[in-house]
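Undergrad: Got a structure for you, questions after.
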Amino acid sequence: MAQLPGIIRRSFRRKSSKDSNQEISNGAKAAHPHHAATDQRTAVLSGGQNFFEYLVVVSLKKTSAGGYAPQITYQFPKRESLLSFQREEEERLLKAIPVFCFPEGNNWTPLTEYTSETFSFVLTNVDSSRKFGYCRRLLPSGKGPRLPEVYCIISCLGCFGLFAKILDEVEKRRQIATAVIYPFMQGLREATFPEPGKTVKIKSFIPGSGTEMIELTRPLDSRLEHVDFKTLLQCLSAKKILHIFASVVLERRIIFVAKDLSVLSQCIHAVAALLYPFTWEHTFIPVLPPALIDTVCCPTPFIVGVQKQFIDLIWDLPMEEVLVVDLCDGKLLRTVGDEEELLPRKLEDHMITSLLGQQQVPQSSEELNKGISEMFMEFFIKVIGHYSSHFKTGKGGVRAFQEKSFLKAMPSKSIRRFLKLFVRTQMFSILIQAAEKTTEVQDGYFHRKIQEFHEHKKMNKK
């Protein structure tokens, strides 16, 4: 157990900027911000992959010390015929999973009532690709006090809403018998992940109900399939969301605090989604187990979630320039001090007004998600939408970004001040490195929106 924190840390460590640069210079396919960082992610966007790698059941087992420790008690399917390095990678992953399924530790007592929770965590492989753990913690049916257990689906696909529906089906079957779950999961495993907007049908037999057809529909807009902004808007005011957004954009250190695991994971994934077309490239732990609490002392950027019952553990630690957000009370418990000054004032005021408007208009979750995403994307269009015009081609056809002309081209002093900070971030560096490696005109969603924005400005001038 003493080695477990080290094993887990290796599971969420991201590549450094230097590693990313080396990967690009060695000829690896660079990431465009409107697509993904890897070929694997591109495949995910278009569909065609398997839904999941495996399902594990994590139960609480009594220890010799009298407490309870989480253990994997079932794995479906069993992985066989793995190469040596694949076996080592899987063993490391399986050792980390139980801690994230029960991050509260071993302080449990048998319960007679428990409201099911759905949450997720993220683990990072040695090749920097991410795996998602989708969890449903529930109390098994029965009489008398009993301990909760977690059904965790491990997948490389980021689609929280779809997997939440799958976990609904898992829980429904668990209340009948554990054995009823696995035919459904086998049917899911044999199906392929649908393209955006498409539906896959899974046939499943339930004793007493007969054969059912489960329909799983993927959102048409793949940008929004792993996020729900509703919980974030319920927890925080528009102004505080903007302060947090500024800190995330500039790749700072942020700790979110909440009582419920579901609130933590939903809000943290929502904050990360505000970065579109960029992605968070640093340590990302939606629910931080106490064994890893010293992560908040790291000098590098991170986004982590801490359950409120463990908040006292972080106050005595030597944290540097950390933003601490209380999602329960909607407060900023600790700030760096300059959050009010980071975003250009006019743009920030406009975004606050837009956020308040989104909250007041009755709309579906899909409409809300799209409206919020478009609003924050518009911010990036306004501040960096001119970047593609500032490349100079030198000898040998080598393209180089002209940072000085890029900054000077922006007439607003407040936007220039923000850009001087933003150009130092890893996410902006990845955008520029990718653009320097190609002369092709970018045609992704973000770049199409940039083109529409400039055409609209020209029409207004005319």
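The values are calculated or read from the model by the stated rules, or taken from the named source; none is laboratory data. Source: prediction; values computed, not measured. Every residue, glycine among them, receives a Cβ derived from its backbone with ideal geometry; neighbour counts consider all protein chains shown. Remember, those area values only see protein heavy atoms, side chains included, never the ligands or the DNA or RNA. Shrake-Rupley method; radii C 1.70, N 1.55, O 1.52, S 1.80 Å.
Undergrad: Work out how far the C-alpha atoms of region 94-164 reach from end to end along every principal axis, then list the three figures in whole Å, largest first.
TA: Cα extents, longest axis first: 46, 26, 14 Å.
Undergrad: Can you pull out the GluC sites (Glu not before Pro) in region 342-444 that DSSP calls coil and that have at most 15 other Cβ atoms within 10 Å?
TA: In loop regions of region 342-444 (DSSP not H, G, I, E or B), the sparsely surrounded GluC sites (Glu not before Pro) are Glu440.
Undergrad: Moving on to the next point. Can you tell me the 0 to 90 degree angle between the C-alpha axis of helix 84-101 and the longest principal axis of the chain, rounded to 10?
TA: Helix 84-101 sits at roughly 80 degrees to that axis.
Undergrad: Further, regarding this structure: Taking K and R as +1 and D and E as -1, what net charge do the other residues with C-beta under 15 Å from the C-beta of Arg345 add up to?
TA: Overall, the nearby charge balance is 0.
Undergrad: Moving to a separate point now. For Arg253, which sequence-distant residues (separation of 5 or more, or a different chain) have an amide H within less than 5 Å of its own amide H, given hydrogens modelled in the peptide plane?
TA: Answer set, sorted by chain and number: Phe302, Leu323.
Undergrad: Starting from the amide H of Lys61, placed 1.01 Å from N in the peptide plane, find each other amide H under 5 Å away whose residue is 5 or more places distant or on another chain.
TA: Ala69, Gln71
Undergrad: Please determine, in degrees from 0 to 90 and to the nearest 10, the orientation of helix 445-461 with respect to the longest principal axis defined by the Cα atoms of the chain, where the helix direction is its Cα long axis.
TA: That works out to roughly 40 degrees.
Undergrad: Which of the lysines could a cross-linker span from Lys165 if the Cα-Cα distance has to be under 16 Å and same-chain partners fewer than 8 positions apart are dropped?
TA: Reachable lysines: Lys198, Lys201, Lys203.
Undergrad: Still on this model: Once you have the Cα-Cα distance between Lys404 and Cys298, take 0.36 nm times their residue separation minus that, and quote the gain in nm to one decimal.
TA: 35.0 nm
Undergrad: For Cys328 and Asp221, compute 0.36 nm times the residue count separating them, minus their Cα-Cα distance, and round to one decimal in nm.
TA: Full extension of this stretch gives 35.5 nm more.
Undergrad: Per residue, how big is the convex hull around the C-alpha atoms of region 218-303? Give it to me in cubic angstrom, could you?
TA: 108
Undergrad: Also, quick follow-up: Could you bin all the Cα-Cα distances of region 330-375 into 10 Å bins starting at 0 and give me the percent of pairs in each, rounded to whole numbers?
TA: Percent of Cα pairs in each bin: 22, 40, 33, 6.
Undergrad: Using only the alpha carbons of region 378-430, what is the convex hull's orientation-averaged projected area in square nanometres?
TA: 4.0
Undergrad: Any idea how far the Cα center of region 422-462 sits from the one of region 161-192, in Å?
TA: Between the Cα centres of region 422-462 and region 161-192 lies a distance of 42 Å.
Undergrad: What net charge do the residues around Leu167 carry, taking every other residue with its C-beta under 14 Å from that of Leu167, with Lys and Arg at +1 and Asp and Glu at -1?
TA: +1
Undergrad: Cα centroids of region 194-243 and region 380-401: how far apart, whole angstrom?
TA: Between the Cα centre of region 194-243 and that of region 380-401, the gap is 37 Å.
Undergrad: With each run of n ≥ 4 DSSP H residues scored as -39500 (n - 2.57), what mean residue ellipticity at 222 nm is computed for the chain after dividing by its residue count and rounding to the nearest 500 deg cm²/dmol?
TA: -12500 deg cm²/dmol
Undergrad: Return the FRET efficiency for the residue pair Arg92, Glu117: r is the Cβ-Cβ distance, R0 is 30 Å, and the value is rounded to the nearest 0.05.
TA: Efficiency, rounded to the nearest 0.05: 0.70.
Undergrad: Can you work out ³J(HN,Hα) from phi for every residue in region 222-232, in order, using Karplus 6.51 cos²θ - 1.76 cosθ + 1.60 and θ = phi - 60°, giving whole Hz and x for Gly and Pro?
TA: Calculated HN-Hα couplings, in order: 5, 5, 10, 7, 10, 8, 9, 7, 4, 5, 4 Hz.
Undergrad: Could you tell me whether region 415-462 comes out rounded, prolate or oblate from its Cα gyration tensor? Rule is a ≥ b ≥ c as square roots of the eigenvalues, rounded for a/c under 1.5, then prolate if a/b exceeds b/c, otherwise oblate.
TA: oblate
Undergrad: When ligands, DNA and RNA are left out and all protein chains stay put, how many square angstrom of accessible area per residue does region 303-462 have with a 1.4 Å probe?
TA: So region 303-462 comes to 58 Å² accessible per residue, rounded to a whole number.
Undergrad: Next up: Sorted from largest down, what three extents in whole angstroms do the Cα atoms of region 371-462 have along their principal axes?
TA: Principal extents (Cα only, largest first): 41, 28, 28 Å.
Undergrad: Hey, another quick one. On average, how much accessible surface per residue is there in region 113-190, in Å², for a 1.4 Å probe, leaving out ligands, DNA and RNA?
TA: 35
Undergrad: In nm, to one decimal, how far is the Ser429 label point from the Ser388 one, both placed 7 Å along Cα→Cβ?
TA: Spacing of the two 7 Å Cα→Cβ label points: 2.5 nm.
Undergrad: Suppose every K and R has +1 on its Cβ and every D and E has -1 on its Cβ; what is the size of the dipole of the chain about the Cα centre, in Debye to the nearest 20?
TA: Taking the Cα centre of the chain as origin, the dipole is about 940 debye.
Undergrad: Roughly speaking, to the nearest percent, how much of the chain's 1.4 Å accessible area is carbon and sulfur?
TA: Ligands and nucleic acids excluded, carbon and sulfur reach 50 percent.
Undergrad: May I ask which of Lys420/Lys449; Lys370/Lys449; Lys61/Lys131; Lys346/Lys420 have a Cα-Cα span longer than 19 Å here?
TA: Distance filter (> 19 Å) returns Lys420/Lys449; Lys61/Lys131.
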